[in-house]
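Any read-out appearing in this document is the output of simple, stated calculations on the displayed coordinates, not a laboratory observation. These numbers come from a predicted model, not from an experiment. Here the Cβ positions follow ideal geometry from the backbone for every residue, glycine too, while neighbour counts run over all protein chains shown.
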Amino acid sequence: MQTIYYNGDFLSFENQEIEAILVQDDRIKKIGKKEEIFSLQNQDTKKINLHGNTMMPAFIDSHSHFMAVANQYLQVSLKNCSTIKQIQDQLLNYQIQNHLPNDRWIIANGFDSYRLEGHTKLRKEQIDEVLPNHPVLIHNQSGHSGILNTKALNLLNIDSHTVPPAGGKIEKINQELTGYLEENAFIETLKKVPMPPLLDILKAVKQAEQEYFSYGITTVQEGFLSKELLDIYQEIVKENQLQIDIIAYIDKTILEEVKRKFPKNIKQYQNHFKIGGIKIFLDGSPQDRTAWMRTPYEKSTDYFGYGTMQDKEVEESIFIARKEQMQILAHCNGDRAVEQYMEMIQKVEKTGSILRPVLIHGQLLGLDQLKQIKKLGIIPSFFVAHVYYFGEVHIENFGLARAERISPAKSSLDNNILFTFHQDAPVIKPNMLETIWCAVNRITKGGIKLGKEEAIDVINAIKAVTINSAYQYFEEDSKGRNAEGKKAALIKVKQNTFKEKKEELKTIQVLETIKNGKTVYQIENKNSNKIKNISYK
């Protein structure tokens, strides 16, 4: 099957003049002058006029949590709540509308304590007031902390005598639990919460897939595949219902089990799923004040946040990845966590090379650390939209000077360091065009221009979510460019991405997403926001 796309603006990183693209089956067969491309058509060729819109490579997600995005379709959102009363009403209404019986777990997402009026604290008693007979767990938007009500704490056997795991915290006031847990204490608790029914999960997976497609993303990451998710992913692979490509990074403790359960998915796709490597967490969240810093937080002389792994554990994880010829991804927000990661990579590299190690987030990566990042071949993947969503919080926690240096993309570019961008979905929506806007403009929600020296141009911002992300996944030979022989993973966007004012980049709309030569998402027509249902299985 052949399709010719013409009469549009085609993105080329090589400044190649493209007037048309010929797609055959799942690959780009030919690009070039319209006359030449049209000469290759046959009786079955479909010709599509782009009407001046832009066609560019599909976006590649360099870090998110696909299953957590899917699970949000099975949870109640607190995103728009700014008072305790609104949270209580939202939780109670969800229980009533869904006719949930006593003892049925209720999970909420999108909670942000910084949005609460007066920075008040949400505690278990306030949840108990409206849902005393339902176990309730509320995710903080950062993904690094949460709040449980009394019923949930009791079911999970968490009391005032429970010892939190290293690198975690169970908050108590006068020896009484508040319900707040952070970092490893919260992450380990999540693993004990019962999973929803399998059929509900599979339906939510399809919804999550369509959400990513709607933002022009055709390759996504499962940022931490834990033991609790193995059976679900086995079922997903067996069902062969995916069209989106998923690359998963695992807890090193389950490596042998993963090899048994996914023998055909180790570093290669089967049914659009593959195991990419090992994931470790070296610190927490800047907005939760748990990122591990070399210098104290603002308004403190002795609080640096904290690490979550000992040097020996980090070294062992990197060594296993090197031995298995797998990639290592490390969550590092603070510059002290970055320092630990670099030190352990340098130590392990004495026994052999490490495959494209990735630094996830790198919010407070020090400019003085960039030369070593370059030397070690580390790929920083910046959550650059922190500037917009959490900029004011960074100023409060770190002071203006340090906050202006978060996600140092321009400094990385100046040091010839390849980097990528991500949204850490479901922390925020996987909106790549918004992220490009953030990287180019660096404006906070409050309108502050935060770190204009670290702003980059549009083309390099687009590279960070296309060709650079393909490189991060060792897929640069098949993805990331409008080029002959590449997979036909393309998006059509409204307006010309390069001619619009940079302040308007985030208003650009994805009109169509094409995966392996097939349309998987499409807005029905240029005058409508109605989404066309795509049937593909």
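Shape call for region 119-173 from the C-alpha gyration tensor, a ≥ b ≥ c root eigenvalues: rounded (a/c under 1.5), prolate (a/b greater than b/c) or oblate? Intermediate values should be presented prior to the final figure.
Details: a/c = 1.70, a/b = 1.19, b/c = 1.43.
It comes out oblate by the Cα gyration axes.
Which whole-number percent gives the relative contact order of region 400-467, counting Cα pairs below 8 Å spaced six or more residues apart? Present the calculation step by step, with values, prior to reporting the outcome.
On the way: 62 pairs, mean separation 26.3, N = 68.
After rounding, I find 39 percent.
For Cα pairs less than 8 Å apart in space and 6+ apart in sequence, what is the mean separation divided by the residue count of region 74-190, i.e. the relative contact order in percent? Provide the component values of the computation, followed by the final result.
Details: 200 pairs, mean separation 24.9, N = 117.
Reported as a whole number, the value is 21 percent.
Can you give the extra length, in nm with one decimal, that the chain gains between residue 312 and residue 89 once fully stretched, where that is 0.36 nm per residue apart less the Cα-Cα distance? It would help to have the intermediate numbers written out before the result.
Working: separation 223, 0.36 × 223 = 80.28 nm, distance 4.68 nm.
Full-extension gain reported as 75.6 nm.
Rounded to the nearest 5, what % of the DSSP beta bridges within the chain are antiparallel ones? Write down the numbers at each step before the final one.
Values: 39 of 79 bridges.
If we restrict to bridges inside the chain, about 50 percent are antiparallel.
Could you list log10 I(q)/I(0) for region 74-190 at q = 0.11, 0.13, 0.15, 0.22 Å⁻¹, which the Debye formula gives when each Cα is one point scatterer?
Once normalised to I(0) and log-transformed, intensities are -0.32, -0.45, -0.61, -1.32.
Arrange 59, 224 by Cβ neighbour counts within 10 Å, fewest through most, would you?
Numbers: 59 29, 224 20.
Listed from fewest to most nearby Cβ atoms, that is 224, 59.
At R0 = 25 Å, how high is the FRET efficiency between residue 240 and residue 44 if r is their beta carbon distance? Nearest 0.05 is fine. It would help to have the intermediate numbers written out before the result.
Working: r = 27 Å, r/R0 = 1.07.
E between residue 240 and residue 44, to the nearest 0.05, is 0.40.
Tilt of helix 311-323 relative to the longest C-alpha principal axis of the chain, in degrees (0 to 90, nearest 10)?
It works out to around 30 degrees.
If you average the sequence gap of Cα pairs under 8 Å that are 6 or more apart and divide by the length of the chain, what percent do you get for the contact order?
Numbers: 1130 pairs, mean separation 85.9, N = 537.
About 16 percent, as a whole number.
What number results when the radius of gyration of region 282-456, computed over Cα atoms, is divided by 2.2 N^0.38 Å? Before the final figure, lay out each step's value.
Working: Rg = 15.7 Å, N = 175, 2.2 N^0.38 = 15.7 Å.
For region 282-456, the normalised Cα radius of gyration is 1.00.
Of 81, 332, how do they rank once you tally other Cβ atoms within 10 Å and put the fewest first? Present the calculation step by step, with values, prior to reporting the outcome.
Details: 81 21, 332 30.
Sorted ascending by nearby Cβ count, the order is 81, 332.
Which entries of 33/371; 191/487; 227/410; 191/452; 29/267 have Cα-Cα distances beyond 31 Å here?
Numbers: 33/371 43 Å; 191/487 37 Å; 227/410 38 Å; 191/452 41 Å; 29/267 26 Å.
Pairs exceeding 31 Å: 33/371; 191/487; 227/410; 191/452.
Could you tell me which of rounded, prolate or oblate describes the chain, using a ≥ b ≥ c as the square roots of the eigenvalues of the alpha-carbon gyration tensor, with rounded for a/c under 1.5 and, failing that, prolate when a/b is larger than b/c and oblate otherwise?
Values: a/c = 1.58, a/b = 1.39, b/c = 1.14.
Verdict is prolate for the chain.
Per residue Cα convex hull volume for region 8-64, in cubic angstrom?
115
Once both axes come from the Cα atoms, what is the angle between helix 432-441 and the longest principal axis of the chain, in degrees from 0 to 90, rounded to 10?
Tilt relative to the chain: about 80 degrees.
May I ask you to derive the FRET efficiency for residue 172 and residue 98 from their Cβ-Cβ distance with R0 = 30 Å, giving the value to the nearest 0.05?
Values: r = 33 Å, r/R0 = 1.08.
Result of the calculation: an efficiency of 0.40.
Restricting to bridges with both residues inside region 282-456, how much of the DSSP beta-bridge set is antiparallel, in percent to the nearest 5?
Of all bridge pairs located within region 282-456, approximately 10 percent are antiparallel.
Calculate for the chain the 222 nm mean residue ellipticity that helices alone would give, adding -39,500 (n - 2.57) per DSSP H run of length 4 or more and normalising by residue count, nearest 500 deg cm²/dmol.
Calculated mean residue ellipticity at 222 nm is -8500 deg cm²/dmol.
At a 10 Å Cβ-Cβ cut-off, how would you order 213, 273, 10, fewest neighbours first? Can you show the working numbers first?
Details: 213 25, 273 22, 10 19.
Lowest count first: 10, 273, 213.
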